[in-house]
1. What net charge is computed for the residues neighbouring Lys226, neighbours being all others with C-beta under 14 Å from the C-beta of Lys226, Lys and Arg scored +1, Asp and Glu -1?
2. Each residue of region 347-364 in order: what ³J(HN,Hα) in whole Hz does its phi give by Karplus 6.51 cos²θ - 1.76 cosθ + 1.60, θ = phi - 60°, with x for Gly and Pro?
3. Considering the options Trp132, Tyr366, Ala207, tell which one lies farthest towards the positive end of the dipole of the chain, charges being +1 on Lys and Arg and -1 on Asp and Glu at the Cβ, about the Cα centre.
4. Per residue, what volume in Å³ does the Cα convex hull of region 440-545 take up?
5. For region 478-501 and region 96-111, what is the centre-to-centre distance using only Cα atoms, to the nearest Å?
6. From the mean inverse distance of alpha carbon pairs (Kirkwood) and the Cα radius of gyration, derive Rg over Rh for region 308-375.
7. Please get the size of the charge dipole for the chain, origin at its Cα centre, with Cβ charges of +1 on Lys and Arg and -1 on Asp and Glu, quoted in debye to the nearest 20.
8. Provide the per-residue ³J(HN,Hα) series for region 84-95, in order, calculated from phi with Karplus coefficients 6.51, -1.76, 1.60 and θ = phi - 60°, each as a whole number of Hz, with x at glycine and proline positions.
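No lab work stands behind these numbers, since they all come straight from the coordinates. Please read these numbers as outputs of a predicted model, since none were measured by experiment. Using ideal geometry, Cβ is built from the backbone for each residue, glycine included, and neighbour counts are taken over all protein chains shown.
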Amino acid sequence: MCYIIIKKNRKKIIVIILILFFLGTVITPGINGNIFPLKSRFLMDKENFISPFESNAYTLFSPEYSGITYLIDMEGRVVHTWESDYIQGLAVYLLEDGKLIRNCLPGINPTFMSGGITGRVEIHDWYGNLIWEFEYFSDKNCLHHDYEVLPNGNILMIAWEYKTLEDAIISGRNPNFLPSDGIWPAHIIEVKPIGPSSGEIVWEWHAWDHLIQEYDPSKENYGIVKDHPELIDINFLDERNPDRDWLHCNSIDYNEEFDQIILSVHKFNEIWIIDHSTTTEEAAGHTDGNSGKGGDLLYRWGNPQTYKAGDESSQKLFGQHDAQWIQPGCPGQGNILVFNNGLNRPGIDYSSVVEFVPPVDYYGNYFLEPGTAYGPEESIWKYYAEDPIDFFSPRVSGVQRLPDGNTLICEGQSGHFFEVTLEKEIVWEYTNPYPNQVFNDVFKIRRYQSNYKGLDILNNAPIKPKTPEGPSEIKKGIKYYYSSSTMDPQDDEIYYLFDWGDGTDSGWLGPYNSSVEVYGFHAWKETGKYEIKLKAVDINNYESEWSDSFLVTISRNKPIFNFQFFRFLTRLSIIERLFNLLT
């Protein structure tokens, strides 16, 4: 009877067998059970950027509350990442020796719980190894927001220090605007890295040493505020929000020519410049240093109300971030650039980028006519959207002037990066595609040109290849294919070497064009677990690091006809229809 059915339906059976063979070869679960293997991250990134041109430059960023830092090229492709055990990832910078420096949050601090808290600074080598760590994280002091690496390798760090209610009242603070648990004025520490996990504080500056108040003549620091713009009015505050984080300094930058520091003071809506040429003792006073003014403010701009030299109409900055001197070699060098968030701006809230020329002479002295506000009255360049409300980030954010005169902008809360010309034309855009569960924000970003020393390793060698892709549960004695790819910064041709984890390798495969997927195959002889990895080398013999490993497990061969196989087949309606042809 079976013979008659087979003979009668021989052609149909042959067709079914061929179709089953086809299904068995192409409908094969990939990595993580996907029917088709996932493509590279580049496909996802393509949805998040617009770039009308190619340029040899790279952008560094770390999403807030993330432990990962990304380096992307101008096409939005991730060319390198670093990973930390700690989240936050506010300020991240690439050093000239190719190392990454980042700040992060080592744990919960019951005293200092506020936006921008960090407490820890880390340095990782190019390959992600942690090579230095420093914590300044206690119930008395805590790092926050930003830091600046000096030419000598020391690091300037912004920190809070805790002052009690009694400390504040003795110093002249109006108790009616004083939180019951004290306040946190700003200070700066300069840390000299020592060993793998230590640092020496070699210099300090404390805002608390430079106060003035005209509230209570019987208390310390009494004087006439408008007569002392070099001092900080302890009673100037946002009465809508008398926060413990009274100043909220959110960025720091250094000027090597003048040996000066610039701070962005968020709650005062202004920037400050102080002298760094002092000793710690001199920084606590009002004389000495290159300026002859000790640690007093040399210059301030953005809100003359803070020293009673103006009113609301004279305020220029509104919750600003990332104040900096434009770097040498960039158009406008020496001018000050700042992201003006525009929070609580009169009228409507909108953000802008502001460039202005401070009234400074060749020696770093700042001009101020007594009884007036520091100039300038107007900025020399400003960016805002054609419809201002289309560009607004109430928090975080950053800016950078580029060597070609364009300006790189990080609209931080939305994770939107874009580059504009001096004529305000947008020529590059990218949106952070790595949000956390709540936010997509990025504190700030930095762009590095391809000739930057810290990118030498990237410019020479192919990028670390992607983790190999292929089946993870396999059988011995059968050939399996695995794929990967990488890119060469110079678009050189690439050779690949698979290490199969069993003491054998593929030999060098290639050459392949940059970014083209490569396939290698192997059959293992023994059961067990094996880690597959690969590396790449370009035609100039520059070799990449090894990829991350992909684990394969080789189990004992099972009978060909197993029930799990048939359960898989019965889920495919096409199989049922094919068998119906025989009835």
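1. On the way: positive: Arg300, Lys308; negative: Glu214, Asp227, Glu230, Asp233, Asp311, Glu369.
Residues close to Lys226 contribute a combined charge of -4.
2. Each residue's phi maps through the Karplus curve to give x, 10, 7, 7, 9, 8, 10, 10, 10, 9, 9, x, x, 10, 9, 4, 9, x Hz.
3. Going by the charge dipole, the pick is Trp132.
4. Measuring per residue, one finds 140 Å³ for the Cα hull of region 440-545.
5. 34 Å
6. Across region 308-375, the Cα-based Rg/Rh ratio is 1.01.
7. Numbers: 48 positive and 82 negative charges, 1058 e Å.
That gives the chain a dipole magnitude of about 5080 debye.
8. These are the phi-based 3J(HN,Hα) values: 10, 7, 10, 8, 3, x, 7, 8, 10, 9, 9, 7 Hz.
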